[in-house]
Amino acid sequence: MNPQAVVLVTGSSRGLGRGVAESLAALGVSVAVHYGSNRAAADETVARCQALAISPDQRFIPVAGDLGQAAGRQALFDGTMAAFGRIDALVNNAGIAPRVRADLTEATEEIFDEVIDVNLKGPYFLTQLVAKYWLAHLGQSLLPDGYKLIFVTSLSATVASVNRGEYCISKAGVAMATQLWANRLAGDGISVIELRPGIMATDMTSGVTAKYDALIAGGLVPQKRWGTPADLGRAVTAIVAGHFPFSTGDVINIDGGFHLRSL
């Protein structure tokens, strides 16, 4: 891989995004490590990526930006371009859970708006900024088979949880955003793929570990384990490395078989 190729990974200061950044470091590319407010966590991701890098020409730089605000998205794009001078792939990974889990009859518009702004509006319009740059620089990607766009959704894109409806709606919206951007960019040779994680071991799920341990033991996940950030990272690196050149618009489940239907 070309160590000068740059992948912007949103939400890569922790959790699944950190796992993606680490896998990309081991692949041999440079990474823009996005964070919202926790610079210390982003610096830790940078250090871990540097330890995994396979070329001295790779670079790992933290870039701040509030994805829920237009100015924050612009700052993230501008900061990445200022630091690296290019973007070859975008991994829309960042997402938040509702601050308060509430039944549909009690959920508030304030929390709905907060989740939608970060989880859906954020990646949709950040992609717009990056896509405009790509369309103005066609044929200049340093990655095999051109620019790559990846949306990270969730099993919640199709599985209803009535105590976090805003989260489910946001992820279902991102699934449609994948289809929209895949259709728009396919003719320009830009690949767009959705990765749909299942029950993943991150800080977002740390408060419900016992609940999901029991469900997994009871057969909810056919492969009988939690997913890990490294599982998602491997999928991202396969796409970035050009191993899915004829699969734009596809959904790849990273869920241990959760999506399977059986009798």
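Output the residues belonging to segment 124-146 that are buried (at least 20 other Cβ atoms within 10 Å of the Cβ), among the hydrophobic types (A, V, I, L, M, F, W, C) and not in a loop (DSSP other than H, G, I, E, B). Those that are buried (at least 20 other Cβ atoms within 10 Å of the Cβ), among the hydrophobic types (A, V, I, L, M, F, W, C) and not in a loop (DSSP other than H, G, I, E, B): Leu126, Val130, Trp134.
Being assigned to a strand (DSSP E or B), within 15 Å of the chain's Cα centre (by Cα) and of a type outside the set (Phe, Trp, Tyr), is that true of even one residue in segment 238-252? Yes, because at least one residue in segment 238-252 is assigned to a strand (DSSP E or B), within 15 Å of the chain's Cα centre (by Cα) and of a type outside the set (Phe, Trp, Tyr). For the structure I just gave you, tell me whether Ser191 is in contact (Cβ under 8 Å) with a residue 12 or more places away in the chain, crowded, with 17+ Cβ neighbours inside 10 Å and of a type in the set (S, T, N, Q). The answer is yes for Ser191.
Flag: Ser170 does not match the condition of being polar (S, T, N, Q), more than 12 Å from the chain's Cα centre (by Cα) and farther than 18 Å from Glu114 by Cβ.
Got at least one residue in segment 147-154 being buried (at least 23 other Cβ atoms within 10 Å of the Cβ), of a type in the set (Phe, Trp, Tyr) and farther than 17 Å from Asn253 by Cα? Yes: one or more hits.
Residues in segment 194-219 that are of a type in the set (Ser, Thr, Tyr) and crowded, with 18+ Cβ neighbours inside 10 Å: Thr202 only.
When you check Ile116 against the structure, is it at negative phi and assigned to a strand (DSSP E or B), yes or no? So Ile116 does not fit the description; no.
The combined condition, being outside any loop (DSSP other than H, G, I, E, B) and closer than 26 Å to Glu22 by Cα, is fulfilled by Gly207.
Residue-wise test of (1) among the polar types (S, T, N, Q); (2) buried (at least 16 other Cβ atoms within 10 Å of the Cβ); (3) modelled with pLDDT of 95 or more.
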site	(1), (2), (3)
Val221	no, yes, yes
Ile239	no, yes, yes
Phe246	no, no, yes
Asp250	no, no, yes
Asn253	yes, yes, yes
His259	no, no, yes
Leu263	no, no, no
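Taking each residue of segment 98-123 that is loosely packed, with under 13 Cβ neighbours inside 10 Å and looking for partners that are in a loop (DSSP other than H, G, I, E, B) with beta-carbon atoms closer than 7 Å, six or more apart or interchain, yields Asp103/Val162; Asp103/Asn163; Leu104/Val162.
A Cβ distance below 6 Å, combined with a sequence gap of six or more or placement on separate chains, defines the contacts here; from segment 1-19, residues that are within 14 Å of Ala241 (Cα to Cα) reach residues that are among the β-branched types (Val, Ile, Thr) and in a loop (DSSP other than H, G, I, E, B) in the pairs Met1/Val29; Ala5/Val29; Val6/Ile87; Val7/Val29. In segment 166-185, the residues that are assigned to a helix (DSSP H, G or I) reach residues that are charged (D, E, K, R) with C-beta atoms within less than 7 angstrom, at least six apart or across chains, in these pairs: Ala175/Glu194; Thr178/Glu194. Could you tell me whether any residue of segment 188-202 is at pLDDT 95 or above, closer than 19 Å to Ala131 by Cα and in a helix (DSSP H, G or I)? Scanning segment 188-202, I find at least one residue that is at pLDDT 95 or above, closer than 19 Å to Ala131 by Cα and in a helix (DSSP H, G or I), so the answer is yes.
Would segment 227-236 turn up any residue that is touching a helix residue (DSSP H, G or I) at 6+ places or on another chain (Cβ under 7 Å), hydrophobic (A, V, I, L, M, F, W, C) and at pLDDT below 95? Within segment 227-236, none of the residues are touching a helix residue (DSSP H, G or I) at 6+ places or on another chain (Cβ under 7 Å), hydrophobic (A, V, I, L, M, F, W, C) and at pLDDT below 95. Tallying residues that are touching a Phe, Trp or Tyr at 6+ places or on another chain (Cβ under 8 Å) and exposed (fewer than 15 other Cβ atoms within 10 Å of the Cβ) within segment 30-69 yields 1. Contact annotation: residue pairs with Cβ atoms under 8 Å, 6 or more positions apart or on different chains, pairing a residue in segment 198-226 that is farther than 22 Å from Arg261 by Cα with a partner that is among the β-branched types (Val, Ile, Thr) and assigned to a loop (DSSP other than H, G, I, E, B), are Ala201/Thr228; Thr205/Ile199.
The values are calculated or read from the model by the stated rules, or taken from the named source; none is laboratory data. On a predicted model such as this, the values are computed, not experimentally measured, just so you know. Every residue, glycine as well, gets a Cβ built from its backbone with ideal geometry; the counts of neighbours run over all protein chains shown.
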